[in-house]
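Novice: I have a structure here, written as structure tokens, and I will follow up with some questions on it.
The values are calculated or read from the model by the stated rules, or taken from the named source; none is laboratory data. Bear in mind that the values here come from a model prediction, so they are computed numbers and not experimental data. No Cβ is skipped: glycine too gets one built from the backbone with ideal geometry, and neighbour counts run over all protein chains shown. Just the protein is used for accessible areas: all its heavy atoms, side chains included, with ligands, DNA and RNA removed. Shrake-Rupley method; radii C 1.70, N 1.55, O 1.52, S 1.80 Å.
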Amino acid sequence: MAEFLQLVFSGLTIGAVYALVALGFTLVYNASDVINFAQGDFVMIGGMGTVFLMAAGLSLPVAAMIAIVAAVLVGLLLHRLAIEPARGASPVSLIMITIGASIFIKGVAQLVFDKQFHSLPAFSGTAPIAIGGATILPQSFWVIGGMFCVVAGLWLFLEKTLIGKAVLATAANRLAARLVGINVTVVLALAFGLSAAIGAVGGILVTPITLTRYDVGTLFALKGFAAAMVGGMGNPIGAVVGGLLIGLMEAFGAGYLSSTYKDAVAFVAILVVLLVMPQGLFGRRAVERV
């Protein structure tokens, strides 16, 4: 039982980060129909930016805030310089653009930062907390709690603010949103900026546990994409559930099978979902007349 609980704690911790990445995928996809494979790099920017700003003498809260703002600026530039000029391109072309942007971000990060692994100090101590014979790090509560706070904040923003309703309207029907006076270009840029901020928050929260480096965004992007697919691409609740499921599957696969295959779990999950339930757990079937 203790081993089972230990794997659950580990799975929920890393799954919460996958859920945040999947939320970023969902936000951008709903607003623009773009699958942004640079989403994982925002996680890297949040973690690496905070590490180096703290090394420069800033406190953790200030460094984290500046790193989030930097990630938002990168997200806005990605939309303005790469996505907006390619408006009307095929989905495959847009995916290739985001992959190219991801490679470019990694190259710049390698020059701005370095090639070494880095960590952040735990937010509230490193003494493990014993629960049911298993132990959990205090930082895990920050990661899981932070994920739920982001989800709640995003829901409040989308449902209770005028700008949030504009995002929802754009996601529902871009042409109709234009007709009622919504500046769709600004809304799409906002979606990219918000997704970047969500990814950066995930990177800051998890770096004290998993370390960070200039190229960690690739795996986060792939596993976040897997989580979004499992939950149902475009469904925020599905993104959260999918992220937690991928994290749990990964932990149990490493614990009961072999850690060698840990990173393969997400890709197996994608294959199973595409074969058995292509719309995902919470996705809706669409009927199109032709």
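Novice: Please work out which residue is nearest to VAL8 (Cα to Cα), limiting yourself to the stretch 221-276 and to residues that are among the charged types (D, E, K, R) and either within 13 Å of the chain's Cα centre (by Cα) or buried (at least 23 other Cβ atoms within 10 Å of the Cβ) (or both).
Specialist: Here the answer is GLU250.
Novice: Do any helices (runs of 4 or more DSSP H) lying entirely in the stretch 99-209 carry at least 1 residues that are farther than 20 Å from GLU84 by Cβ, open to solvent by 20 Å² or more (accessible area, probe 1.4 Å) and charged (D, E, K, R), and which ones are they?
Specialist: Fully inside the stretch 99-209 and qualifying: 138-160, 162-172.
Novice: Sticking with this structure for a sec: Hey, among the residues in the stretch 3-21 that are open to solvent by less than 40 Å² (accessible area, probe 1.4 Å) and more than 20 Å from the chain's Cα centre (by Cα), which one's farthest from GLY243 (Cα to Cα)? I'd like the intermediate steps shown before the answer.
Specialist: Initial filter on the stretch 3-21 (open to solvent by less than 40 Å² (accessible area, probe 1.4 Å)): 5, 7-9, 11, 13-21.
Applying the additional criterion that residues be more than 20 Å from the chain's Cα centre (by Cα) yields 5, 7-8.
Working: LEU5: 18, LEU7: 15, VAL8: 13 Å.
Filtering first and then ranking leaves LEU5.
Novice: Residues in the stretch 55-72 that are over 16 Å from HIS118 (Cα atoms), of a type in the set (A, V, I, L, M, F, W, C) and not in a loop (DSSP other than H, G, I, E, B): how many?
Specialist: Number satisfying all stated conditions: 8.
Novice: Going residue by residue through the stretch 265-273, is there one that turns out to be out of contact with any helix residue (DSSP H, G or I) (no Cβ under 9 Å at 6 or more places or on another chain) and either assigned to a helix (DSSP H, G or I) or free of Cβ contacts under 8 Å to residues at least 60 places away in the same chain (or both)?
Specialist: yes
Novice: Can you give me the number of residues within the stretch 58-88 that are closer than 21 Å to PHE25 by Cβ, more than 17 Å from the chain's Cα centre (by Cα) and open to solvent by 40 Å² or more (accessible area, probe 1.4 Å)?
Specialist: So the count comes out to 4.
Novice: I'd like to check something: does the stretch 157-164 contain any residue that is modelled with pLDDT of 90 or more and under 22 Å from LEU20 (Cα atoms)?
Specialist: Of the stretch 157-164, the ones modelled with pLDDT of 90 or more are none.
No, the stretch 157-164 has no match at all.
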